[in-house]
Amino acid sequence: MKSPLKNKWVLITGASSGFGAAAAKAFGAHGAKLLLGARRVDRLEKVDISAKKAGATQAWFHELDVSQTASVEKFMAWAKGKMIGRRSRALNLHVLVNNAGGAHGLDPVATGRDADWETTFQTNVLGLLRVTRAALPLMPHDAGASIVNIGSIAGRSAYAGAAAYCAAKSGELAITRALRQELLGTGIRVSTIDPGLAETEFSNVRFKGDQKKADEVYAGMNPLTAADIAEIIVWVASRPPHVNIDELLVKPTDQAEMGKVYRRKK
Ligand SMILES: NC(=O)c1ccc[n+]([C@@H]2O[C@H](COP(=O)([O-])OP(=O)(O)OC[C@H]3O[C@@H](n4cnc5c(N)ncnc54)[C@H](OP(=O)(O)O)[C@@H]3O)[C@@H](O)[C@H]2O)c1
């Protein structure tokens, strides 16, 4: 059976690692046409190759820093150029995956750093707003189009050391809900996928390259993988046009609540 994503344009932010890179492969396997963005272009190049190997009809990449309006606008102008090819004059971005983001530090508010808080909000909240604003003119009012935002369990349940990250992901949830109302009647669906513990580069980034600390986050338990979330993103975007998966909270079986994790002894 032909995938509803075959030959559809899919734009993924934060495609250089983790969920974004896995989503590129997963959409590629459905024969989609990919527009990939992140700051690490060398990594995007590798993702682009693996997405094409998986079956992407086309896969293109370009530098994108969602924390900078000028970078977002430049990226979207590039994306528009890719979509309006020799054979098509239509702007038809079918899926936007707002995935770029992450946490920075695990300090309590008392000792938190402005730079960490600002980066957290610039990427997870303002970046999502900027990218969506710039992408909407590229999305036809088309049954079946989707905006899939990546939130977090942290947006639903606060934990110590993550005040700014939890606030940012609560912000993502609020944006998702507001946008769904704004786009009512356009046919464009708006969803949030909110993962629990998933082993990607997330903790390495949070702990500023301290891999030992990052590994401790997943010690003795089975976390989600990037591929698990990628499969869900593709599933959400390929439901029939009248079905909107509003909000999905996805946790590993070993995680019952935010801080309640089952760990096996060695
Ligand atoms: N892993 C988890 O446990 C977990 C759980 C819930 C939610 N999440 C969320 O899932 C999303 C993806 O995270 P991940 O787990 O896949 O972590 P990851 O492996 O660290 O990937 C994060 C991606 O975001 C990109 N990014 C960060 N800042 C950016 C910026 N300013 N401009 C453009 N791209 C930027 C990174 O690319 P560059 O560095 O190359 O720019 C990278 O591709 C994030 O929004 C994160 O908050 C993760």
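The values are calculated or read from the model by the stated rules, or taken from the named source; none is laboratory data. If you're wondering where the values come from, they're calculated on a predicted model, not measured in any experiment. Note: ideal-geometry Cβ built from the backbone for every residue, glycine included; neighbour counts use all protein chains shown.
Does Ala79 satisfy the criteria of being touching a His at 6+ places or on another chain (Cβ under 8 Å) and touching a residue at least 40 places away in the same chain (Cβ under 8 Å)?
Details: touching a His at 6+ places or on another chain (Cβ under 8 Å): yes; touching a residue at least 40 places away in the same chain (Cβ under 8 Å): yes.
Answer is yes for this residue.
To keep it simple, each residue is scored yes or no on (1) closer than 25 Å to Ala164 by Cα; (2) under 18 Å from the mean Cα position of the chain (by Cα); (3) of a type in the set (Phe, Trp, Tyr); (4) crowded, with 20+ Cβ neighbours inside 10 Å.
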| position | (1), (2), (3), (4) |
| --- | --- |
| His62 | no, yes, no, no |
| Met76 | no, yes, no, yes |
| Lys80 | no, no, no, no |
| Leu93 | no, yes, no, yes |
| Gly102 | yes, yes, no, yes |
| Gly112 | yes, no, no, no |
| Thr120 | yes, yes, no, yes |
| Leu129 | yes, yes, no, no |
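Given the structure, is Val41 touching a residue at least 12 places away in the same chain (Cβ under 8 Å), of a type outside the set (Ser, Thr, Tyr) and under 30 Å from Ala178 (Cα atoms)? Break it down into steps so the answer makes sense when it comes.
Details: touching a residue at least 12 places away in the same chain (Cβ under 8 Å): yes; of a type outside the set (Ser, Thr, Tyr): yes; under 30 Å from Ala178 (Cα atoms): no.
Judged against the criteria, Val41 is not a match.
For the structure I just gave you, tell me whether Ala90 is aliphatic (A, V, I, L, M), in contact with a helix residue (DSSP H, G or I) (Cβ under 7 Å, 6 or more places away or on another chain) and more than 26 Å from Glu118 (Cβ to Cβ).
On the way: aliphatic (A, V, I, L, M): yes; in contact with a helix residue (DSSP H, G or I) (Cβ under 7 Å, 6 or more places away or on another chain): no; more than 26 Å from Glu118 (Cβ to Cβ): yes.
No; evaluated as a whole, the condition is false for this residue.
Working only within the stretch 171-203, note down all residues that are surrounded by fewer than 19 Cβ atoms within 10 Å (Cβ to Cβ) and of a type in the set (S, T, N, Q).
Listed by number, the residues that qualify are Gln181, Thr186.
Within the stretch 1-26, can you find the residues that are of a type in the set (A, V, I, L, M) and either within 16 Å of the ligand (Cβ to nearest atom) or part of a helix (DSSP H, G or I) (or both)?
Step one: list which residues in the stretch 1-26 are of a type in the set (A, V, I, L, M), which gives 1, 5, 10-12, 15, 21-24, 26.
Across the stretch 1-26, the qualifying residues are Val10, Leu11, Ile12, Ala15, Ala21, Ala22, Ala23, Ala24, Ala26.
Could you identify the single residue in Ser170, Ser191, Ser203, Ser157 that is modelled with pLDDT of 95 or more, within 13 Å of the ligand (Cβ to nearest atom), within 15 Å of Val250 (Cβ to Cβ) and not β-branched (Val, Ile, Thr)? Quick ask: steps written out before the conclusion?
On the way: Ser170 fails: within 15 Å of Val250 (Cβ to Cβ); Ser191 fails: within 13 Å of the ligand (Cβ to nearest atom); Ser203 fails: within 15 Å of Val250 (Cβ to Cβ).
Among Ser170, Ser191, Ser203, Ser157, only Ser157 is modelled with pLDDT of 95 or more, within 13 Å of the ligand (Cβ to nearest atom), within 15 Å of Val250 (Cβ to Cβ) and not β-branched (Val, Ile, Thr).
Scanning for something assigned to a helix (DSSP H, G or I) and surrounded by fewer than 19 Cβ atoms within 10 Å (Cβ to Cβ), does the stretch 145-158 turn up at least one residue?
Keep residues of the stretch 145-158 that are assigned to a helix (DSSP H, G or I), which gives 153-155.
Now restrict to residues that are surrounded by fewer than 19 Cβ atoms within 10 Å (Cβ to Cβ): none.
No, because not a single residue in the stretch 145-158 is assigned to a helix (DSSP H, G or I) and surrounded by fewer than 19 Cβ atoms within 10 Å (Cβ to Cβ).
Checking the conditions here, which among Asp48, Asp42, Asp65 is in a loop (DSSP other than H, G, I, E, B), out of contact with any Asp or Glu (no Cβ under 9 Å at 6 or more places or on another chain), at pLDDT 95 or above and within 16 Å of the ligand (Cβ to nearest atom)?
Details: Asp48 fails: in a loop (DSSP other than H, G, I, E, B); Asp42 fails: in a loop (DSSP other than H, G, I, E, B).
Sole residue among the options that is in a loop (DSSP other than H, G, I, E, B), out of contact with any Asp or Glu (no Cβ under 9 Å at 6 or more places or on another chain), at pLDDT 95 or above and within 16 Å of the ligand (Cβ to nearest atom): Asp65.
Which residues, counting only those in the stretch 27-38, are more than 7 Å from the ligand (Cβ to nearest atom), touching a residue at least 60 places away in the same chain (Cβ under 8 Å) and surrounded by 24 or more Cβ atoms within 10 Å (Cβ to Cβ)?
Those that are more than 7 Å from the ligand (Cβ to nearest atom), touching a residue at least 60 places away in the same chain (Cβ under 8 Å) and surrounded by 24 or more Cβ atoms within 10 Å (Cβ to Cβ): Phe27, Ala32.
Say whether the condition of being part of a helix (DSSP H, G or I), within 24 Å of Lys8 (Cβ to Cβ), more than 16 Å from the ligand (Cβ to nearest atom) and not hydrophobic (A, V, I, L, M, F, W, C) is met by at least one residue in the stretch 85-108. Reasoning before the result, please.
First, the residues of the stretch 85-108 that are part of a helix (DSSP H, G or I): none.
For the stretch 85-108, residues part of a helix (DSSP H, G or I), within 24 Å of Lys8 (Cβ to Cβ), more than 16 Å from the ligand (Cβ to nearest atom) and not hydrophobic (A, V, I, L, M, F, W, C): absent.
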